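What follows is one structure encoded as structure tokens, with my remarks underneath.
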């Protein structure tokens, strides 16, 4: 087996051997994913770029995309020579530029890029695509995992905190007012130990917001305490368990936290649904907004009508892909901002479980890794780390 | 018994004999309402106005206020000399000015006024209050019922249609964009035969919007057809029954109505809750808004998380009282606008069941009338019409 580097050289006959996880129908990852090998010609289109993958996370939304339960459906194509029309999953990842087409400017060999578009398909060793589909990032002071994991969870938390919040302007028909940075205002979130939750805690802390964080009980009281401490260390102001949160006592406890109720909570983030979502909604003050960005509990959000009418609580959803499409330059600015915080050590990496993807890694290993992601990875976020591919 | 006019004269000893429905604790109207008699001194404060009531509707929210289930609680006071601190219900009504205090300008005997504030307390024959609490209306071309019923249902429909709708601006953080008048865009509403629903049909029609209207089946198919026709005559574009609306076939039927789904419905009005609210939400296109202004079904609004996230459907509540407080001049303008439409015959009166309230009307009659309002009045809206009081 030649070293990977040897295969990247481009020139006559300098074909790149590539592999990709693909699926040609929706279903459980361990049943529908297969590992497809293909060759990439060195003569790429003039506007294209050949990249190799350095790291690619396994996010819950990727798994839902394979299952077919996600909002976005991937088109099945024969672009990489699969026998059946197929798609490559993976919404997030970091690539290194291997070679560029003749008309490409602004990108060169060795540059780090992330997808500029949603659902690029990152679970593969290499890709050739239009230069416009990549966003170059400054790799100084970053490791591949940091760069590969910036664009989904941290961006979701960043956008939601920045955009929603006290909304007097909205009520008067004059537009949403973003949370004032440094205002000391509260927000509340369930699923607080998720990737988005941890990011929200940290951004909130950096921007002078205070957070109330709801987590599910762990298997042991010690584990629950350890998780609480972990979130407090990230900058959480208050951490409570789900059972405490949906209990009768919560109303009084909340009033105590918010200085006998004198401080209103005007922003709630929900990724759970069901009773937990209703409890988030009930914790909000007049004119507050609950933003739903996930439905882990697979239960609808049930809202007492009185909250809508008399407390003027409003309910919206958040889908990062849509935001990214609508605000390309805003996304770029946000990613630079977040990566700067990472470099400065102000924003901590999520806990990661690294899964090696080498030339010899078996199909079974890869698809089982994805399947495991359904239960969540033990150490945190699952990330494929590409070695000698 | 002297004629009413005789009692209105002010001067030494010219006391006015007045009656009011009052309650001193929350409960069922027939149990907690009583008829209180009192005298009003002719020497009213210099900034006050003495009015007599011409007409006062019995709205569902009034009954909920008596029951204590409404968002606003009335303060109990001893202002009209009740033995226990009490409140006068009635949020809407029309008064005629009987006399004015020495410093009052802009109002004179014979003028028609409606409350400028919420929960004024209109279920009484007379009132004395600060001139600022009344809004003068031009009585030309109006009858008392038209003027007495303008400020709740028509105003709710007017505000909701004007304020909510296609909201691209909202998504980009730039404020809600009102429905474009004359755009031909669709809205959908349940409880379409309610006072608000009928008003929304008419305003929608006047402003070039198209409406899909959901009604509950009546007792007989003939009665259902008659109601459908009634709403079509008001300007409804489509009328469907509840059972059709929550059936599996609705999706296809809706697509047919909206030209094979090419036209999106971006505004839904909900006053029912439960399954009907979910069906309204599901009928909306991407970025649509469902506005809840009532919860007749007493069931929470259940929202599939996917509607929030992937279809970007948002859910807000509407409470007219809050709007009125925040936008006093807007309210005044809106009422003038609506009354002009009434004068021009472009906005039809709601069907009304008139209940006479004379000097001799028994307490039992009055409180039973209110209690009956719980089931809805047979002929439409219940309105007290004050005669010889």
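Any read-out appearing in this document is the output of simple, stated calculations on the displayed coordinates, not a laboratory observation. All values reported here derive from a predicted model rather than from experimental measurement. Counting neighbours? That spans all protein chains shown, and the Cβs are built from the backbone with ideal geometry, glycine included.
Structure summary
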| quantity | calculated |
| --- | --- |
| In Å, descending, principal axis extents of the Cα set of segment A:154-321 | 48, 36, 32 |
| Calculated over segment B:96-135: convex hull of Cα atoms, volume per residue (Å³) | 67 Å³ |
| Average partner coverage of B:292-302, which counts Cβ from other chains inside 10 Å | 4 |
| Two-decimal ratio, chain B, of alpha-carbon radius of gyration to 2.2 N^0.38 Å | 1.05 |
| Per-copy distances of the residue A:243 label point, shortest first, in nm (7 angstrom along Cα→Cβ) | 4.6 |
| Over the protein assembly as shown: helical MRE at 222 nm, DSSP H runs n ≥ 4 each giving -39500 (n - 2.57), nearest 500 | -8500 deg cm²/dmol |
| Residue of A:220, A:100, A:241 that the Gaussian network model of chain A assigns the largest fluctuation, springs spanning Cα pairs under 10 Å | A:220 |
| Average projection area in nm² (convex hull over Cα atoms of segment B:313-389, one quarter of hull surface) | 8.5 nm² |
| Percent of beta bridges antiparallel (DSSP, chain B, rounded to nearest 5) | 55 percent |
| Computed E for residue A:132/residue B:256 - FRET, C-beta separation, R0 51 angstrom, nearest 0.05 | 0.80 |
| Gap separating the Cα centres of segment B:40-90 and segment B:112-147, nearest whole Å | 13 Å |
| Projected area averaged over orientations for the protein assembly as shown, convex hull of C-alpha atoms, nm² | 38.9 nm² |
| Relative contact order of chain B, pairs being alpha-carbon contacts under 8 Å that are 6 or more residues apart, as % | 16 percent |
| Shortest-first nm distances, residue A:255 label point to equivalent points in other copies (7 Å, Cα→Cβ) | 5.2 |
| Antiparallel bridge percentage (DSSP; both residues within the protein assembly as shown; nearest 5) | 55 percent |
| Distances in nm from residue B:41 to the matching label points in the other copies, shortest first (labels 7 Å along Cα to Cβ) | 10.2 |
| Ascending count of other beta-carbon atoms within 10 Å, so fewest first, for B:237, B:337 | B:337, B:237 |
| Residues residue B:34 and residue B:356, FRET efficiency given R0 of 25 Å [Cβ-Cβ distance, rounded to 0.05] | 0.85 |
| For segment A:63-107, the fraction of alpha-carbon pairs in successive 10 Å shells from zero, as % | 21, 33, 34, 12 |
| Principal-axis tilt of helix B:328-343 within chain B, Cα atoms, nearest 10 degrees | 80 degrees |
| For segment B:252-335, alpha-carbon Rg over 2.2 N^0.38 Å | 1.26 |
| GNM flexibility winner over chain A from A:96, A:249, A:354 (Cα, springs under 10 Å) | A:249 |
| Ascending count of other beta-carbon atoms within 10 Å, so fewest first, for B:361, A:149 | B:361, A:149 |
| Neighbour-count ranking [beta-carbon atoms within 10 angstrom, fewest first] of A:152, A:355 | A:355, A:152 |
| Averaged over B:267-275, number of beta-carbon atoms from partner chains that fall within 10 Å | 1 |
| Alpha-carbon Rg/Rh ratio, for segment A:1-151, with Rh computed the Kirkwood way | 0.96 |
| 10 Å Cβ neighbours from other chains, averaged over peptide B:321-330 | 2 |
